[in-house]
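Quick notes on the structure that follows.
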Amino acid sequence: MRANESERRRAFQKNVNADLNASQGKRRNGKSWRRVAALGVAAAVAWGASTSGLEWNDVFSTTAAFAADAKKTEPSTAKGFAEVSQAEIDAAFEKLRPAPRLLLTDEALADVKKKVDADPRWKAYLDALKRRADKTLNAPPVERKLEGKRLLGVSREALRRLFGWTFMYRYTGDVKYAARVEKEAVAIAEFSDWNPSHFLDVAEMTTALALAYDSCGETFSSENRKKVREAIRDKGVEEALKIRGWWKRNNANWNQVCWCGTLYGALAIADDEPELARDAVRQAVNGVTWSMASYEPDGNYTEGPGYWGYGTGFNVLLLAALNSALNNDFGRSKARGFAETIRYYEHVFGTTGDAFNYPDSGGGKMFEPTAFWNARNLGDVGVAWNENFQLDAAYVATKHKVKYGTRSIDTIAAHRLGVCALLWGPIRETPLDLAKIDAGKPVDPSEYEFGNVAPKELGYVGVGDGRNAVALFRTAWKRDAAYLGIKAGAPNAPHGHMDEGGFVYDDGGVRWIVELGPENYHRIESRGMNLWGMNQSSERWKLLRYNNFGHSVLTLNGAPQLVDGTTKIVETKIGSSGEASSATIDLTPVYRGEAKSVKRVATLNPDGSLIVEDVVEALADREIKVERRLLTPAAVEIVSERVAKLTAPSPVHCGDATLCKTVETQSEIPSSFSVVAAETENDFDSKNPGVSILIETATVEAGKTATFRTVFSPVERTEKSGGEKK
Ligand SMILES: [Zn+2]
């Protein structure tokens, strides 16, 4: 099996190269894409954008807007947004709130106190924030030590510390926190600079110092007060306004983070630097529209759930500060797409709580403290399902020492914006029924419900700019319900994979079909491989995690999906409770030259079963060797040519039961199943331990059309003590 697989891969590579040499210039969009890709790479090099490990947020956040930016430092607004004039800003400043005005106002603190009294989850969360704040009280202040070209890790630690201590000072009134804030703020103010060559570092640092100065500045000595204020002015706000930052009119996360930092600095020192503050606030309010426009029309975020958290989180901080300081966000929070984007974000997590982790998103569970603001902004606190889910699960796990395969409350509260969850999270109207949860004993997930804290719809379809369109369905907002996340778009989208038609599938608390996620950027680049080329022949596509061999998609004649083909979700149905949901994707554009047409229809049924049907139409003169791949972490047993049995790796919450699913092909032409490990013999490919690829192979004759159909059964639950139930 292994030999066949590597042979297949060698043939594939040959195919890639041949395909490329033959087709440069032939592919319709090749030229314009190469231009954008070149800009992206140039910018990544010029600004030291990271390509390592956890720092993937800011890589490739560059578009053609970059070229225009270099000529201007003054941002106008993006199309569709009204430009806010200096006169409007000046008028708003007439009502500038006295400090503290950044988030931690008296009203906000009173609201937190109410929440902590009413909801034990928030009491536990507050305790975790306090443990975190206390843990670093005696640590030495952060130092200006660069990692490569970046200071970002230091800026982030500074933000985590200063936001945490500042909040604890405001909440408890204990001056030990304010004293520690002063010490840290002075140390940072004395840095020679905050590393403006990689401006995210300045932005996060300015945000941190602004929060500190705003809430604790009155307790500083007058000398330190002046020192910190001048550092915010000189190293933060003025630095941002004077540089020709490409991010000023960029459409992704840098724009949001950098304008946020600038705005925070400006509002913090507005009493002493009124003119600078008003100018900076006007530029931030207008400049941030460039990224806010990217959520149009439906809130889908092209860069996936991981980037969503970083960019949207700082965008939220910016809007929330406008409201807390000026009681006026100039209508920005109601912008089309941005106002609804929480729907995209909440649906992009499966019922297991794991993200549908396309393109290059980290997998697993995430907790974005600022997402509660988006839900409030939409007027529906229940829509922040993932955050409620993470909080509930962490609370139960911590209080009752029950492992849910989730994280502790200390872990989720350790987010550097962790305070925001407490500011904006809802009181749970239906208290968790802890009496049902027997300490130490695994719990049937079906008993663990979310009551009123759930979105109303069972699905979301978002097209965004078309490069990463998604259809996201579930059978219920419950842990053991079924979930399907499927995508269309183009492989040459930022961070794109050859994953068109790819999907993830949850049921019974288990993720049965997975997306492998990103390769380790640093490891690939340190080998001298070009990870960021987005041409058909780019080395990127040698990687199993990026090409179609490492996705639950079709492969036709061993060929890669075409990078410039843009596939579309052409039809969808979002079912109500008890109804099926389905999406139809026209995949033809990524298989041009191999097939006349290719269509995938995925249907999620209310009983948790899933049907994936592919209609493949061959060209008149060419047969098609079809491979339909499914990536699963389950143990795979080939029962017969057309039936396989998947056994879940034992999930932590299903007690003594073993969970299985039967996968049957009902394809109308002869086909057979085989299984290989999700790895290659190439040393540049990461291992994917425990993941298997179930492959159905068949041949469609020239001129013919074949329909392939895979049916996943509902979860089959076998109690270890014997007996079977569903
Ligand atoms: Zn992928």
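Summary table below
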read-out: Among the listed pairs K130/K399; K478/K599; K145/K365, those beyond 19 Å (Cα-Cα); value: K478/K599; K145/K365
read-out: Cα shape, segment 205-279, gyration tensor, a/c 1.5 rule; value: prolate
read-out: Sequence-distant aspartates and glutamates (8 or more away, or on other chains) whose Cα lies within less than 14 Å of K135; value: D127, E157, D410
read-out: Simple Cβ-charge dipole of segment 459-720, Lys/Arg +1 and Asp/Glu -1, about Cα centre, in debye nearest 20; value: 340
read-out: Sorted by Cβ neighbour density within 10 Å, fewest at the top, the residues F349, F684, F503; value: F684, F349, F503
read-out: Counted charge near V237, where neighbours are those whose Cβ lies closer than 10 Å (Asp, Glu -1; Lys, Arg +1); value: -2
read-out: Ranked F314, F93, criterion: other C-beta atoms within 10 Å, fewest first; value: F93, F314
read-out: Cβ-defined net charge surrounding S222, 15 Å radius [Lys, Arg +1; Asp, Glu -1]; value: -2
read-out: Among A277, G173, F191 - extreme Cα towards positive end, dipole of segment 167-285, charges at beta-carbon; value: A277
read-out: Proximal charge balance of K456 [Cβ under 14 Å; K/R count +1, D/E count -1]; value: -2
read-out: Positive-end residue, segment 471-568 charge dipole about Cα centroid, Cβ charges, pick of I513, L531, L556; value: I513
read-out: Charge dipole (segment 86-447, unit charges on Cβ, about Cα centre) - positive-most of G287, I232, V142; value: V142
read-out: Size of electric dipole in segment 596-707: Cβ of Lys, Arg +1 and of Asp, Glu -1, about Cα centre, debye, nearest 20; value: 220
read-out: Exposure proxy ranking, count of Cβ atoms within 10 Å, fewest first, for T665, T699, T555; value: T699, T665, T555
read-out: Protection proxy ranking of 703-709, 285-291, 624-630 - average other beta-carbon atoms within 10 Å, highest first; value: 285-291, 624-630, 703-709
read-out: Convex hull per residue volume in Å³, alpha carbons only, for segment 581-621; value: 52
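FYI, it's all coordinate maths here, none of it is from the lab. On a predicted model such as this, the values are computed, not experimentally measured, just so you know. Cβ atoms come from the backbone with ideal geometry, glycine included; neighbour counts cover every protein chain shown.
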